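The block underneath contains the structure these notes are about, expressed in structure tokens.
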Amino acid sequence: MLDLFDDYTLRTVALGSAALGITSGALGTFAVLRRQSLLGDAISHAALPGVAIAFLLTGSKAPLVLVAGAALAGFAGTLLVMGVTRTTRIKYDSALGIVLSVFFGFGLVLLTFIQRRPDASQAGLDRFLFGQAAGLLQRDLVTMAVLGGIALAAMLLVWKELKLLAFDPDYGASLGFPMRALDVLLTSLLVIAIVIGLQTVGVVLMAAMVIAPAAAARQWTDRLGFAVALAAAFGALAGVAGSVLSSEAERLPTGPTIVLCATAIVIVSLLAAGRRGLLWRELRGRRDRRRLRVAAVLADLIALEQQHPDAHRGHSAAVLSVMSGGALPSLQVLERRGYVRRLGEDEWVLTETGRAEAER
Amino acid sequence: MTAPAIEVTDLTVAYGEKPVLWDVDLEVPQGTLMAIVGPNGAGKTTLIRAVLGMVKPAAGQALVYGKPYEEQRRRVAYVPQRGSVDWDFPTNVLDVVLMGRYGRLGWVRRPGAEDRAAAHEALEQVGMSELAGRQISQLSGGQQQRVFLARALVQHADVYFMDEPFQGVDATTERAIVELLRELRTRGKTVVAVHHDLQTVEEYFDRVTLLNVRRIASGPVGEVFTEENLRLTYGGRAAVFGRNGA
């Protein structure tokens, strides 16, 4: 990791991955909130034939050319999903599935075709499948940063309109905002976020960079602004960690490594995050249950006392367990607080303070 | 006489081949509270959406103060059904109410101090001032409804379209909404609300439109809210509805 600041290649890789993570994390938050997580998957798979066609037409592997091809194909795929959903009886999820597999299949065919050609210039296009961060060059980095910057600037510019789109599009339409145009705009920004990550993460797993940081960030905050910022940070973290790890090791594909890092962030967030975190919820639940049980045992003791004429007779934990289950630990808690006294081996009786507390 | 707040003529809306609204005429005078009642699938929500330009009608037109809606947007506020949004969205009460100002802010500009003041005032009107900073996921159904009403109030509109404002709210909220409607009427505002509880139509509203794809009747509650018209609107179930509410 010390190499990060000296090693030129590694720095390029890390910066590029950060750029893709920030962009996809931020815009992914909107996609996730609109329940369009899988749209990212369709866009990235649909982008593959675009990369191949762009190369076939121009013979160039310049990042801008390939990214433009990917973006056009990804966008075409999205429009096709919208068109199919609107004009046929096929539902949204099925339309996504159809477009995703048809475009991806076509992309694989083209890729195979390109690789069988005799000239050597085609090498390396297959890194778009699983990503290869080690191959990132300075010019790739510039392309990614500029495109990502444009997408983020556009997002910030129409922030309130996008919030309206994500929360209540019908109401937005009643205010006079062109919600369909905003939908297309947001989708276009998502397309940009996805295509700049394709070379590093690959089309197969790029959707994870749209979904995972956003899902993790949602665990930590209840403000849209924080959620977007945090998702961007998580995306960058996963991107940098994953691509640095994969470029340290020989032939380790970057996409899967980055996705594993993102998954780790999600798991930690699910477990540990504030009020929504599973871990805290479990601990809080236990504490509440214990408190309830202790109170129940105290109430049972006073009830027993009132049933029996000789008030100071002891009762066994077993009797109390029948009444509210697992009474012994609760009795020990009560004893420590001075609310009950142990008479014999298993004979418990309320103290004066305990009686006062129970009657309160 | 002044132009009616809403004037709908020959409005017809169809999804595919099936007409949802058929040749509907509607006139809502200024300063009145109008209920729209009818069975499920009668086109009540569609009527509102068509007037607001969210659904393209196959025929007919809707005028707001004598002009098309597009020219009168500022004078119209919309309160959608509260179930139409995801209340787990990461935002708070004040932020949702501020959305009511987006229309007059226009593109790109963010809400400022004046907008926040208007939002707090609207929250006060619906009895929610203390909850301005509350996460919307922690609101009760009645509170959600009041947030939506406050959001419409900050638009400072003249006509309010409300889609089932009384749906699933607690008694306190119901009273608060009724008071709000009356206050709006006092200030000369017009309210058109889809309503489900036939029992309260006469108490809460001045006018009623009975709708079942076609307009069955429309006018002052005392004149048109009759057993006969209800039977025509709801079919054979009218007697049951008339006594027990929907």
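The table that follows gives values for the structure above.
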item	result
Trypsin sites (Lys or Arg not before Pro) lying in DSSP loop within the stretch A:248-298, provided at most 10 other Cβ fall within 10 Å	A:Arg251
Accessible-area value, B:Trp22, 1.4 Å probe, nucleic acids and ligands omitted, Å²	120
Cα gyration tensor, the stretch A:2-158 - rounded (a/c under 1.5), prolate or oblate	oblate
Table column - 3J(HN,Hα) (Hz), the stretch A:60-72, Karplus curve with 6.51, -1.76, 1.60, x for Gly and Pro	9, 10, 4, x, 5, 5, 5, 5, 5, x, 4, 5, 4
In sequence order, calculated HN-Hα J values of the stretch A:191-205 (Karplus, 6.51, -1.76, 1.60; Hz; x Gly/Pro)	4, 4, 4, 6, 5, 6, x, 4, 5, 7, 9, x, 5, 5, 10
Partner lysines for A:Lys160 [C-alpha distance under 16 Å; skip if fewer than 8 residues away on the same chain]	none
Accessible area buried between chains A and B, both sides summed, probe 1.4 Å, in Å² to nearest 100	2800
Length-normalised contact order of the stretch A:1-131 in % [C-alpha pairs under 8 Å, at least 6 apart]	24
Shielding by partners, peptide B:42-53 (average Cβ within 10 angstrom, other chains)	1
Partner chain coverage, peptide B:84-92 - average Cβ within 10 angstrom	6
Acute angle (nearest 10 degrees) that the helix B:113-125 long axis makes with the longest principal axis of chain B, alpha-carbon atoms	50
Å² of accessible area per residue within the protein assembly as shown, as computed with a 1.4 Å probe and no ligands counted	45
Separation between Cα centres of the stretch B:47-76 and the stretch A:291-307, rounded to whole Å	66
Principal axis dimensions, the protein assembly as shown - Cα atoms, whole angstrom, descending	92, 91, 49
Averaged over A:156-162, number of beta-carbon atoms from partner chains that fall within 10 Å	3
Share of carbon and sulfur in the accessible heavy-atom surface of the stretch A:1-72 [1.4 Å probe, %]	69
Computed [θ] at 222 nm, helices only, for chain B once each DSSP H run of length n ≥ 4 contributes -39500 (n - 2.57)	-9500 deg cm²/dmol
Spatial separation of Cα centroids for the stretch B:120-136 and the stretch A:66-131, in angstrom	49
Karplus-derived 3J(HN,Hα), 6.51/-1.76/1.60, for each residue of the stretch A:329-339, Hz, glycine and proline x	x, 5, 4, 5, 4, 5, 5, 4, 7, x, 8
Chain B shape via C-alpha gyration tensor axes, a/c threshold 1.5	prolate
Calculated FRET efficiency for the pair A:Ile90/A:Arg251, C-beta based, R₀ 60 Å, to 0.05	0.90
Whole-number D in µm² s⁻¹ for chain A, Kirkwood Cα-pair radius fed into Stokes-Einstein, 20 °C, 1.002 mPa s	90
Hits among aspartates and glutamates - C-alpha to C-alpha of A:Lys61 under 19 Å, sequence gap 8 or more where chains match	A:Asp119, A:Asp126, A:Asp140
For A:His315, distant residues with modelled amide H under 5 Å away	A:Trp348, A:Val349
Contact order relative to length of chain B, as percent, for alpha carbon pairs under 8 angstrom and 6 or more apart	26
Range in chain A, longest, excluding exposed GluC sites (Glu not before Pro) [loop by DSSP; at most 13 other beta-carbon atoms within 10 Å]	A:1-249
Eligible aspartates and glutamates near B:Lys56 by straight Cα distance, threshold 20 Å, same-chain separation 8 or greater	A:Asp168, A:Asp170, A:Asp183, B:Glu7, B:Asp10, B:Glu17, B:Asp23, B:Asp25, B:Glu27, B:Glu70, B:Glu71, B:Asp163
Built amide H within the under 5 Å cut-off of B:Met162, gap 5+	B:Val79, B:Val192, B:Ala193, B:Val194
Residue-count net charge about B:Leu47 - beta-carbon cut-off 11 Å; Lys, Arg +1, Asp, Glu -1	+2
Restricting the stretch B:156-213 to trypsin sites (Lys or Arg not before Pro) in coil, as DSSP defines it, with at most 12 other Cβ within 10 Å	B:Arg187
Helical mean residue ellipticity (222 nm; -39500 (n - 2.57) per DSSP H run of 4+; nearest 500) of chain A	-25500 deg cm²/dmol
Helix A:278-307 axis, angle to chain A major axis (alpha carbon atoms, nearest 10°)	20
Dimensionless Rg/Rh of the stretch B:87-158 - Kirkwood Rh, Rg from C-alpha atoms	0.95
Anisotropy class of the stretch B:15-157 from Cα gyration tensor, a/c 1.5 cut	prolate
Difference of contour (0.36 nm per residue) and Cα-Cα distance, A:Arg117 to A:Ile98	3.9 nm
C-alpha long axis of helix A:206-220 to longest principal axis of chain A, angle in °	30
Label-to-label distance, nm, for residues given as B:Gln61 and A:Leu292 (7 Å Cα→Cβ offset)	6.3
Residues whose placed amide H lies under 5 Å from that of B:Leu211, excluding near-sequence neighbours	B:Val37, B:Gly38, B:Ile216
Relative contact order computed over chain A (Cα-Cα under 8 Å; 6+ residues apart), in percent	22
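The values are calculated or read from the model by the stated rules, or taken from the named source; none is laboratory data. Everything quoted here is computed from the prediction, not taken from an experiment. Note: ideal-geometry Cβ built from the backbone for every residue, glycine included; neighbour counts use all protein chains shown. Protein only, heavy atoms only, side chains kept; ligands, DNA and RNA dropped before computing areas. Shrake-Rupley method; radii C 1.70, N 1.55, O 1.52, S 1.80 Å.
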